[in-house]
Amino acid sequence: MKNNCPLNYTMQLIGTKWKPLVLFHLLEGALRSGVLKKKVPEISNKMFTQTVRELEKDGLISRKVFPVVPPKVEYKLTERGESLESLLRQLDKWGLEDIKSLNHTNFDAL
């Protein structure tokens with residue numbers, strides 16, 4: 001790692017548009033890939049696949065493939081991923097409070 005900034009390091013791991021959302025939804029527990037993708041409806045299939053692969057490569061989530069037809073794939077947070085819970089919940093709380101501080105016209109646009 002060339003940059004010694006801890007925030008830069010963290011942002012490299014979870015700083016894309018989709019990674020925090022995927023991680024946040026996995027705080028509920030293990031989810032099948034189809035269910036997880038439905039929780040982030042704006043994400044394309046390509047971006048979903050890329051995002052979960054990167055999170056798995058970085059050791060934040062694990063992927064379990066069940067030997068059934070049709071294939072069943074389940075994702076869950078690893079211990080390393082679980083360590084992000086307080087950060088993810090704080091981001092969610094901040095978003096909720098910021099939305100509340102906006103007038104309802106702006107909220108509807110989100």
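For the chain, what is the convex hull volume of its Cα atoms per residue in Å³? Dividing the Cα hull volume of the chain by its residues yields 131 Å³. Taken as entire DSSP H runs, the helices of the chain that both span 20 Å or more between Cα atoms along their own long axis and average -1.0 or more on the Kyte-Doolittle scale are 85-101.
If the cut-off is a Cα-Cα distance under 28 Å, which lysines reach LYS76, setting aside same-chain residues fewer than 8 apart in sequence? By straight Cα distance, LYS76 reaches LYS17, LYS19, LYS37, LYS38, LYS39, LYS46, LYS57, LYS64, LYS93. Using just its DSSP H runs of length 4 or more, each adding -39500 (n - 2.57), the chain gives a mean residue ellipticity at 222 nm of -16000 deg cm²/dmol after division by all residues. If the chain linking GLN90 and LYS39 were pulled fully straight, counting 0.36 nm for each residue of separation and taking away their Cα-Cα distance, it would gain 16.4 nm. Close amide-amide hydrogen proximity is noted between LYS72 and PHE66, each under 5 Å apart and 5 or more residues distant or on a separate chain (H modeled in the peptide plane; Pro and chain starts excluded). A cut-off of 5 Å between modelled amide H atoms, ignoring neighbours fewer than 5 places along the same chain, links THR78 with ILE61, SER62.
Of all stretches in the chain that contain no trypsin sites (Lys or Arg not before Pro) in a DSSP loop with at most 12 other Cβ atoms within 10 Å, the longest one is 18-110.
Here, each number is a calculation from the coordinates, and none is a lab measurement. This one's a predicted model, so the numbers in the text were calculated from it and none came from an experiment. Cβ coordinates were reconstructed from backbone atoms using ideal geometry, including for glycine residues, and neighbour counts include every protein chain displayed.
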